[in-house]
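Read through the structure below, which is laid out as structure tokens, and then see the notes.
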Amino acid sequence: MKFVRIVAVILLVPVAGTVVVAAAFGDRLLAAAIERAGPALVGRDVRVGGVSIDWGFPTSVTATDLVVANADWGGGTPLLRAGQAEATVELLDLLRLQVSPVRLALRQPALHLARDERGRWNLPSAGGGGDGSASGGGSLFQVAAPREIEVEGGEVTVDYLASPGVEARIAALSARGTPSGVEFRGTASLEGGAPIDVSGGTGPLAALFGGGEGEAKPFPIRLEIGPETARLSADGHMARPFDLAGVDLRVQGQGDDLAPLLAALAVPVAATPPFRFTAHLTDIERGWRLRNLAARLGESRMEGEASVLLAGRPKPFLKFDLVAPSAVTSDFGWLASAGGSGSGSGALGSWMDAKLPTAWLRRAEAEGDLRVERLEGLATEPAGLRAGVEMKDGRLRLQPLRVELAGGAAEGSATVEAADADAPPRAGLRLEADGLRLGPLLAAFGAGEVASGTARTASADLSGRGTTLREVVAGLDGVARFRVADGTVRVPGLAQLSMGLVETFGAVLGVGGDAGATPVACAIGDLPVRDGVVHTERLVMVTQRVAITAEGTIRLGDGTLRLTLTPSPLDEALLRVVVPVVLSGDLASPEVETHPELRVGAARTGVPADVCAEEAGGR
């Protein structure tokens, strides 16, 4: 209610000092007196379109087109503009050198707030008469709290709320105040966000007009934002309300769906699970701090703290330290729909088609730590994740990145670079893993029955460009490698390696049918990737009786492959019953064709042993 007090001081002190002169010489003289007194009263230039006085008991003073100038650094937009301001006073109070308005009414007031690079608000300073001191810029008159306040059609805007050019607004603001407090309501919006209802209340009016002693006392404030189904509330106080400082609020949120609140922040998403959170919000020199955060979304929980620095920075800077004791992947499927892309179902397909958050990468900077102690919902045993997060100059980096999964661990880094708004972002992943159990690992991607065994070592160094994960995968470059021991595989076409006579020769070759598992002593893969095409530079699998070499390509963009599986029996007597097989077509369900015309030879002496020795680290 800062503008209420500014208007009261501007109108009432000059009225009290010039009421007799105004009665004798006219209302325009009073308007000129208000304009001349403005700098002394509130430390800013003041303009008044016109002033009228309705004499009586009580007496009403009405000013039209009232304008209070902004700070020197605040630009041309006025700090305060009011279509009409009306104050009703008791003339007998003037005999006691006191102005105690019966009523103060504002029609279409507009308050424009902003911060400079040092974090200071553009409000009048304490030394400029805007401190609410008893005299109001040297006047003999005391200004007391109005008995009643009314605001209609008000508007409050806040520039640079999150970053340059981002404006927050409360429109259709109405307020009613009595000595016990003020109740208000309006419609809030962030630039680009959906409008959302806001309401609340403040402490007694006397605290706003009680001078320096009153300002030193905590001033109660209460806010409620959003509908009943997604309500955000804050309850606490401001230690220095006229500096908009000393904020100390307990924040709570609860509802069936986060989407209405996120839409107000210009982040449209699909429906979310029910949510609940509590936190302690305070202001710091150049921003805000959130402590003692305890949040729940569906079955997922998160704890920690965060702060955001706003003033004096070209972009908001977020610092955080967050721990998720448990996180369920299905609770976060809506993230795939952020920005209007993806279905928000949480399925792999929706994530593949979700837009990468490139605009946010260029809009903000961040630094912090994220730990997920128990990640569930991957069709396997719970996993763990730890990441250091840095976001700067349009680049997101997760480093160090550690994923604990399938009995082993993978460490490395992940990046998304989007500094150039005119070029597709580049995403990259570097991981080194050891001791991963293939069954649980593949189960996390819905392919748990394809293979078992242990990946003694595995690595990936991949990057690609695209606006979605699907586009990135379709243009990947880099290399992937693995070394597997003591497992099984189910690969289409293994039955045809024995010319379809798997019942007769399958056990001899050590391969199972398409529905069965083939024991594998070891396997090695060196797979360079160029422009979204995986090349089998080296892909060898050794069973008990045969070494199988795969040659060909896998096209990640359209999900197709063409691989030739060439068996090399360890026993030359088996040469007559083996035949190469070509897998082609759709990656999920390839066609299998035998090719007897392709040459088959016995495995060179020592080759299977060499492969397994290399897997075991013998080389």
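Would you please name the residue that is least open to solvent (accessible area, probe 1.4 Å), looking only at residues in region 318-339 that are in contact with a Lys or Arg (Cβ under 8 Å, 6 or more places away or on another chain) and modelled with pLDDT under 80?
Pass one, region 318-339, residues in contact with a Lys or Arg (Cβ under 8 Å, 6 or more places away or on another chain): 322-327, 338-339.
This time we only want the ones that are modelled with pLDDT under 80, so: 338-339.
Values: 338: 32, 339: 64 Å².
Across region 318-339, the extreme among qualifying residues is 338.
One residue is enough: does region 510-523 have a residue meeting the conditions at pLDDT 60 or above and out of contact with any Ser or Thr (no Cβ under 7 Å at 6 or more places or on another chain)?
Of region 510-523, the ones at pLDDT 60 or above are 517-523.
From the residues that got through so far, the ones that are out of contact with any Ser or Thr (no Cβ under 7 Å at 6 or more places or on another chain) too are 522-523.
Yes.
Could you check region 224-272 and list, in sequence order, the residues that are modelled with pLDDT of 90 or more and more than 23 Å from residue 306 (Cα to Cα)?
Within region 224-272, 227, 229, 256, 271 qualify.
Any idea which of 155, 150, 183, 167 is at pLDDT 85 or above, under 22 Å from residue 44 (Cβ atoms), among the acidic types (Asp, Glu) and surrounded by fewer than 18 Cβ atoms within 10 Å (Cβ to Cβ)?
Values: 150 fails: under 22 Å from residue 44 (Cβ atoms); 183 fails: under 22 Å from residue 44 (Cβ atoms); 167 fails: at pLDDT 85 or above.
After ruling out the rest, the residue left standing is 155.
Please work out if residue 368 is buried (at least 18 other Cβ atoms within 10 Å of the Cβ), out of contact with any Leu (no Cβ under 9 Å at 6 or more places or on another chain) and either touching a residue at least 60 places away in the same chain (Cβ under 8 Å) or on the phi > 0 side of the Ramachandran plot (or both). Give the derivation first.
Numbers: buried (at least 18 other Cβ atoms within 10 Å of the Cβ): yes; out of contact with any Leu (no Cβ under 9 Å at 6 or more places or on another chain): no; either touching a residue at least 60 places away in the same chain (Cβ under 8 Å) or on the phi > 0 side of the Ramachandran plot (or both): yes.
Against the criterion (buried (at least 18 other Cβ atoms within 10 Å of the Cβ), out of contact with any Leu (no Cβ under 9 Å at 6 or more places or on another chain) and either touching a residue at least 60 places away in the same chain (Cβ under 8 Å) or on the phi > 0 side of the Ramachandran plot (or both)), residue 368 does not qualify.
Would you pick out the residues in region 459-483 that are closer than 14 Å to residue 429 by Cα, in contact (Cβ under 8 Å) with a residue 60 or more places away in the chain and open to solvent by 50 Å² or more (accessible area, probe 1.4 Å)?
469
Please find, within region 536-554, the residue that is farthest from the chain's Cα centre (by Cα) out of those that are over 11 Å from residue 523 (Cβ atoms) and of a type in the set (A, V, I, L, M, F, W, C).
Residue satisfying both the conditions and the ranking: 546.
Could you grab me the full set of residues in region 60-82 that are open to solvent by less than 50 Å² (accessible area, probe 1.4 Å), in contact (Cβ under 8 Å) with a residue 40 or more places away in the chain and over 16 Å from residue 34 (Cα atoms)?
70, 71, 74, 79
List the pairs whose first member sits in region 551-573 and is within 14 Å of residue 474 (Cβ to Cβ) and free of Cβ contacts under 8 Å to residues at least 40 places away in the same chain, whose second member is outside any strand (DSSP E or B) and of a type in the set (S, T, N, Q), and whose Cβ atoms are under 6 Å apart, counting only residues at least 6 apart or on separate chains?
Qualifying pairs under 6 Å: none.
Here is a list: 81, 5. Which entry is charged (D, E, K, R) and at pLDDT below 70? Break it down stepwise before answering.
Values: 81 fails: at pLDDT below 70.
Among 81, 5, only 5 is charged (D, E, K, R) and at pLDDT below 70.
Please go through region 173-198 and pick out each residue that is farther than 17 Å from residue 82 by Cβ and among the hydroxyl-bearing types (Ser, Thr, Tyr).
The answer is 178, 180, 187, 189.
I'm trying to understand the selection: among the residues of region 34-55, which are outside any strand (DSSP E or B), without any contact (Cβ under 8 Å) to a residue 60 or more places away in the chain and open to solvent by 20 Å² or more (accessible area, probe 1.4 Å)?
Of the residues in region 34-55, the ones outside any strand (DSSP E or B) are 34-45, 48-49, 55.
Of the ones still in play, those that are also without any contact (Cβ under 8 Å) to a residue 60 or more places away in the chain are 34-36, 38, 45, 48-49, 55.
The answer is 35, 36, 45, 49, 55.
Test each condition in (1) modelled with pLDDT under 85; (2) touching a Gly at 6+ places or on another chain (Cβ under 6 Å); (3) open to solvent by 30 Å² or more (accessible area, probe 1.4 Å) for residue 352 and report the one that comes out false.
Failed condition: (2).
I'm trying to understand the selection: among the residues of region 431-474, which are of a type in the set (A, V, I, L, M, F, W, C) and either modelled with pLDDT of 90 or more or in a loop (DSSP other than H, G, I, E, B) (or both)?
Going residue by residue through region 431-474, those that are of a type in the set (A, V, I, L, M, F, W, C) are 431, 433, 436, 438, 441-445, 447, 450-451, 455, 458, 460, 462, 469, 472-474.
Answer for region 431-474, where residues must be of a type in the set (A, V, I, L, M, F, W, C) and either modelled with pLDDT of 90 or more or in a loop (DSSP other than H, G, I, E, B) (or both): 431, 433, 444, 445, 447, 450, 458, 460, 462, 472, 473, 474.
Any chance you could count how many residues in region 279-310 are under 14 Å from residue 247 (Cβ atoms) and among the aliphatic types (A, V, I, L, M)?
So the first thing to find is which residues in region 279-310 are under 14 Å from residue 247 (Cβ atoms), and the list is 279-291, 307-308, 310.
Retained after the next criterion (residues that are among the aliphatic types (A, V, I, L, M)): 279, 281, 284, 290, 308, 310.
Total meeting the criteria: 6.
Residues in region 292-317 that are of a type outside the set (Asp, Glu), touching a strand residue (DSSP E or B) at 6+ places or on another chain (Cβ under 7 Å) and open to solvent by 80 Å² or more (accessible area, probe 1.4 Å): how many?
Taking region 292-317 and keeping what is of a type outside the set (Asp, Glu), we get 292-298, 300-302, 304, 306-317.
Next cut, touching a strand residue (DSSP E or B) at 6+ places or on another chain (Cβ under 7 Å) only: 292-298, 300-302, 304, 306-311, 315-317.
Add one more test, that the residue is open to solvent by 80 Å² or more (accessible area, probe 1.4 Å), and what stays is 292, 296, 301.
Result for region 292-317: 3.
Looking at region 374-394, which of its residues are touching a residue at least 60 places away in the same chain (Cβ under 8 Å), buried (at least 16 other Cβ atoms within 10 Å of the Cβ) and not in a strand (DSSP E or B)?
Result: 378, 380.
Keeping to region 275-327, report how many residues are part of a loop (DSSP other than H, G, I, E, B) and of a type in the set (D, E, K, R). Spell out how you get there, then give the answer.
Restricting attention to region 275-327, the residues satisfying the condition of being part of a loop (DSSP other than H, G, I, E, B) are 285-286, 298-299, 310-316.
Narrowing the set further to residues that are of a type in the set (D, E, K, R) leaves 285-286, 299, 313, 315.
Residues flagged as part of a loop (DSSP other than H, G, I, E, B) and of a type in the set (D, E, K, R) within region 275-327 amount to 5.
Could you tell me whether region 263-273 includes any residue that is more than 18 Å from the chain's Cα centre (by Cα) and surrounded by fewer than 15 Cβ atoms within 10 Å (Cβ to Cβ)?
Within region 263-273, not a single residue is more than 18 Å from the chain's Cα centre (by Cα) and surrounded by fewer than 15 Cβ atoms within 10 Å (Cβ to Cβ).
From the list 427, 414, exactly one residue is outside any loop (DSSP other than H, G, I, E, B) and either closer than 23 Å to residue 330 by Cα or charged (D, E, K, R) (or both). Which is it? Before the answer, list the steps.
Working: 427 fails: either closer than 23 Å to residue 330 by Cα or charged (D, E, K, R) (or both).
Unique residue meeting the criteria: 414.
The values are calculated or read from the model by the stated rules, or taken from the named source; none is laboratory data. Fair warning: this is a prediction, and the values are worked out from it, not measured in the lab. Backbone-built Cβ (ideal geometry, glycine too); neighbour counts: all protein chains shown. Each accessible area value is taken on the protein alone, full model and side chains, heavy atoms only, with ligands, DNA and RNA left out. Shrake-Rupley method; radii C 1.70, N 1.55, O 1.52, S 1.80 Å.
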